[in-house]
Amino acid sequence: MKVAIIGQGYVGLTISAFAGEYFEVVGFDNNSKIVEQLNQGNSHIEGVESSTLQNLIAAGRYRATTRGSEIADIDLVVIAVPTPLTSDRKPDLAFIEAACRTIGENIKKPVLIINESTSFPGTLRNYIKPAIERYSKTPIEHLYAISPERVDPGRGDFNQKNTPRLFAGLTPEATAKTREFYSKFCDELVEVSSPEVAEAAKLFENTFRQVNIALVNEFAQIAHSLGISVYETLDAADTKPYGFMKFTPSAGVGGHCIPVDPTYLAAVAEEHGTPATFIRRANEVNLEMSKYVVDRVVADNDGSLAGKSVLVVGVAYKPNVADVRETAAELVIEHLRQRGAVVSWHDDVVGSWNDESSAPLSGADISVVITKHDVVSEREILASAPYVFDTTGKVPGAKGL
Ligand SMILES: NC(=O)c1ccc[n+]([C@@H]2O[C@H](COP(=O)([O-])OP(=O)(O)OC[C@H]3O[C@@H](n4cnc5c(N)ncnc54)[C@H](O)[C@@H]3O)[C@@H](O)[C@H]2O)c1
């Protein structure tokens, strides 16, 4: 069986690597630089080894392309393109639309089309299917299914194989064929009764994280004003063997999922006349953490950062990955600069970002830790400035939340 995977980013390349063990995979991406790199056997995604890619290429089971004509003879397509927000924070399905166009214009026989991109309930039925049919020159009865991706890049214990996979087709045949496909490389498949349930479950999982992170971020502020340690309090609460799940405070949330997916849920809720005030407020609390962090740093430094050199340590959105999408570091840096600080950042995992390069981890007046990668030691961080504010709870001896 030949499989095309549209989008060769975190999700698409990861699934390509797993599917390539069993099927001939064509990775379609419209970024020619990425395609060229992949065809040379160089992975740009944590968790997908270049050696895996090289083995698949050598065995003739993987190639990347920017050409739609190269997916004309495939049997199954997986859509794994970005689903961001527009500038006014509404769901942006432009990439999905473009993927539907590639599929509609190039595939001339009935195939199974599975969407793995995260979107609101109804996207498969009301958006993807009609769009592909619109772009197809002749009417074709494709099969459609959804299987939301749950991969957590950089995570060692859970991967494609051992993370249970939700799925549902628009028809029983689509459901059965989707099961057949994933059962080759996933241990546990969870069939739900409709694509809308699978789409909603994915959004709810990330909304659950978002609101709990907002709650603990608010609690961190309360604990500080009460003069007690948020970390000790959370550890104490965590001794309860049931009814409690520990989340830890931070400078905000980043990555593609947590800051974005709940807004997809809120948008579709509001479209249906149901307010999503809790979800909206959780997003605000998380966004406001960056200002709170900078206010605390200012308060500890004689009420002014004017002219002081501030080093932001760790700009990736989470430890041990190079992903800077929606990183809280961006807002923290903005607030620091507004207060007159001379800001640089250190993150050798990221390397370069926003046309700036990682600065040395030393010589600053103030360091503010946003993300602590394993490759950076606590000792180095503490030595980088006379005052260190840590938002991660991983640098004992520093000031912190
Ligand atoms: N990254 C994660 O941890 C994660 C986890 C679960 C779900 N998701 C969801 O999976 C989807 C993909 O996310 P990602 O993190 O892989 O994104 P990504 O930005 O890492 O990769 C997307 C890739 O798609 C390519 N692309 C964009 N438009 C295209 C088009 N029309 N045709 C072909 N290629 C195109 C881009 O060049 C890029 O290489 C999103 O909906 C996201 O919410 C992501």
From the residues CYS100, TYR62, ALA316, which one has its Cα farthest along the dipole of the chain in the positive direction, the dipole being from +1 and -1 charges on Cβ of Lys/Arg and Asp/Glu about the Cα centre? CYS100
List the residues, sorted by chain then number, that are 5 or more residues from ILE5 or on another chain and whose placed amide H is less than 5 Å from its amide H. VAL26, GLY27, PHE28, VAL78
Percent of accessible area on segment 93-218 owned by carbon and sulfur, 1.4 Å probe? 55 percent
Only loop residues by DSSP count here, and only those with at most 13 other Cβ atoms within 10 Å; note down the chymotrypsin sites (Phe, Trp or Tyr not before Pro) in segment 242-319 that meet that. TYR242, PHE244
Rank these residues by their accessible area, most exposed first, probe 1.4 Å: HIS224, HIS346. HIS224, HIS346
In a shell of Cβ-Cβ distance under 14 Å around ARG379, excluding ARG379 itself, what net charge do Lys and Arg (+1) and Asp and Glu (-1) give? -2
How would ARG165, ARG339, ARG379, ARG67 line up by accessible area, probe 1.4 Å, largest first? ARG379, ARG67, ARG339, ARG165
Okay, helix-only estimate at 222 nm for the chain: each DSSP H run of n ≥ 4 adds -39500 (n - 2.57), divide by all residues, round to 500 deg cm²/dmol; what do you get? -12000 deg cm²/dmol
Given LYS308/LYS394; LYS137/LYS184; LYS161/LYS184; LYS129/LYS177; LYS291/LYS399; LYS108/LYS184, the pairs whose alpha carbons are separated by over 21 Å: LYS308/LYS394; LYS137/LYS184; LYS108/LYS184
Potential lengthening between ASP73 and ILE222 on full extension [0.36 nm per residue; Cα-Cα distance subtracted]: 47.7 nm
Report the one residue of GLY41, TYR144, VAL260 whose Cα lies farthest in the direction of the positive end of the charge dipole of the chain (charges on C-beta: Lys and Arg +1, Asp and Glu -1; origin at the Cα centre). TYR144
Based on Cβ point charges of +1 for Lys and Arg and -1 for Asp and Glu, what charge dipole magnitude is obtained for the chain about its Cα centre, in debye rounded to the nearest 20? 500 debye
Heavy atoms of MET245: accessible area, 1.4 Å probe, square angstrom to 10: 110 Å²
For segment 352-358, in residue order, the Karplus 3J(HN,Hα) values (coefficients 6.51, -1.76, 1.60; θ = phi - 60°; whole Hz; Gly and Pro = x) are 9, 6, 6, 6, 10, 10, 4
Using amide H atoms built 1.01 Å from N in the peptide plane, name the residues 5+ places from VAL190, or on other chains, whose amide H lies under 5 Å from its own. ARG165, LEU166, PHE167
One computes Rg over Rh for the chain from alpha-carbon atoms, with the Kirkwood Rh, and obtains 1.00
The distance between the Cα centres of segment 284-356 and segment 107-165, in whole Å, is 36 Å
Which value, in Å² and to the nearest 10, is the accessible area of LYS240 when all protein chains are kept and the probe is 1.4 Å? 100 Å²
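The values are calculated or read from the model by the stated rules, or taken from the named source; none is laboratory data. Just so it is clear, the structure is predicted and the values come from calculations on it, not from any experiment. All Cβ positions, even for glycine, are placed from backbone atoms using ideal geometry, and neighbour counts span all protein chains on display. Each accessible area value is taken on the protein alone, full model and side chains, heavy atoms only, with ligands, DNA and RNA left out. Shrake-Rupley method; radii C 1.70, N 1.55, O 1.52, S 1.80 Å.
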